[in-house]
Amino acid sequence: MRHSIYIQLATLLIKVDIKREENAWKRKVRRSQYEIPWHNEYLLRDIGLDSTGRPLGEVSRSPVKVERRVSLMRRLLQARQSP
């Protein structure tokens, strides 16, 4: 005995609706993984940020390192420009 076309259509629409809701939920969960909890200082500290959003423990580079890096970049640029 075959089921009515209306019952088949109703089950199809219900399955499509469930699938749509599941995809929307997955999309929401996926997006929430990348949200940073700016309101919670303890969670920020757990992921390595301070309350302003800067990395913890990272200080500005020393002038010696910066000068070395600049001179290296100059050398590379000059090497590229010379034929």
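The values are calculated or read from the model by the stated rules, or taken from the named source; none is laboratory data. Fair warning: this is a prediction, and the values are worked out from it, not measured in the lab. Cβ: placed from backbone, ideal geometry, glycine included. Neighbour counts: every protein chain shown. Quick note on the areas: whole protein, heavy atoms, side chains included, nothing else; ligands and nucleic acids left out. Shrake-Rupley method; radii C 1.70, N 1.55, O 1.52, S 1.80 Å.
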Q: Determine one quarter of the surface area of the Cα convex hull of the stretch 28-83, which equals its mean projected area, and express it in nm² to one decimal.
A: 7.2
Q) For residue 23 and residue 56, what is the calculated FRET efficiency with R₀ set at 41 Å and r taken between the beta-carbons, to the nearest 0.05? A) 0.65
Q | Most mobile listed residue (71, 32, 51) in the chain, GNM with C-alpha springs under 10 Å | A | 71
**Q.** Cβ-placed point charges (K, R +1; D, E -1), dipole of the chain about Cα centre in debye, nearest 20
**A.** 580
**Q.** Residue-span extension gain [residue 79 to residue 46] - 0.36 nm each, minus C-alpha spacing
**A.** 7.5 nm
Q) With every protein chain present, what is the per residue accessible area of the chain (1.4 Å probe, Å²)? A) 103
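Extension gain residue 71-residue 2, at 0.36 nm per residue separation less the Cα-Cα distance, in nm?
Details: separation 69, 0.36 × 69 = 24.84 nm, distance 8.17 nm.
Taking 0.36 nm per residue and subtracting the Cα distance, the gain is 16.7 nm.
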**Q.** Portion, in percent, of the accessible area of the stretch 3-81 that falls on carbon or sulfur, probe 1.4 Å
**A.** 58
